[in-house]
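Peer 1: Dropping the structure in here first, questions after.
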Amino acid sequence: MSPNMSENKTNNTVTCDSCGHSARIHPQLADKYVQPMAEIFKVLGDPTRIKILELLSHEDMCVSNIAEMLPPSSIGSPST
C-alpha cells in the first residue's frame, strides 16, 4: 500500500489516510492475483516491448526482422 492508503484485510477495504474515503477491494483481487497482474503491466510498460507486440500482432516475425524494424537505440538490455 502507498503511504497515503491503509488496507484492512479483514473486510477487504482500503482507506485514504488523507480524506478517510474507503473502498472495498473485490475479493478476486487478492494478493495472489495482484502480483502477477503487476508483473504483466510492468512488462507492457516498456515502449520497445509494446512496439514488438504491435509488430507481432500483424504477422509472425523472426528476431532479426524485428530488430531491423526498431530504432537501434531501443535494442539492447531490457529497461526492467
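The values are calculated or read from the model by the stated rules, or taken from the named source; none is laboratory data. This is a predicted model, so every value here is computed, not measured. In this analysis, Cβ positions are derived from the backbone assuming ideal geometry, glycine residues included, and neighbour counts consider all displayed protein chains.
Peer 1: Go through segment 58-79 and give me each residue that's touching a helix residue (DSSP H, G or I) at 6+ places or on another chain (Cβ under 7 Å) and modelled with pLDDT of 85 or more.
Peer 2: Pass one, segment 58-79, residues touching a helix residue (DSSP H, G or I) at 6+ places or on another chain (Cβ under 7 Å): 61, 66, 69-70, 74-75.
Correct list: M61, I66, M69, L70.
Peer 1: Select from segment 55-67 the residues that are surrounded by 10 or more Cβ atoms within 10 Å (Cβ to Cβ) and in a helix (DSSP H, G or I) and write down the one among them that is farthest from the chain's Cα centre (by Cα).
Peer 2: The initial filter retains those residues of segment 55-67 that are surrounded by 10 or more Cβ atoms within 10 Å (Cβ to Cβ), namely 55-56, 61, 65-67.
From what is left, the residues that are in a helix (DSSP H, G or I) are 55-56, 65-67.
Values: L55: 20, L56: 19, N65: 26, I66: 23, A67: 24 Å.
The residue in question is N65.
Peer 1: Looking only at segment 32-48, filter to residues that are over 8 Å from the mean Cα position of the chain (by Cα) and without any contact (Cβ under 8 Å) to a residue 24 or more places away in the chain; which one of those is farthest from M69 (Cα to Cα)?
Peer 2: Applying the filter and picking the extreme gives K32.
Peer 1: Sort out for me the strands (runs of 3 or more DSSP E) sitting completely within segment 1-44 that have 2 or more residues that are at pLDDT 80 or above.
Peer 2: The strands (runs of 3 or more DSSP E) meeting that bar are 13-16, 22-24.
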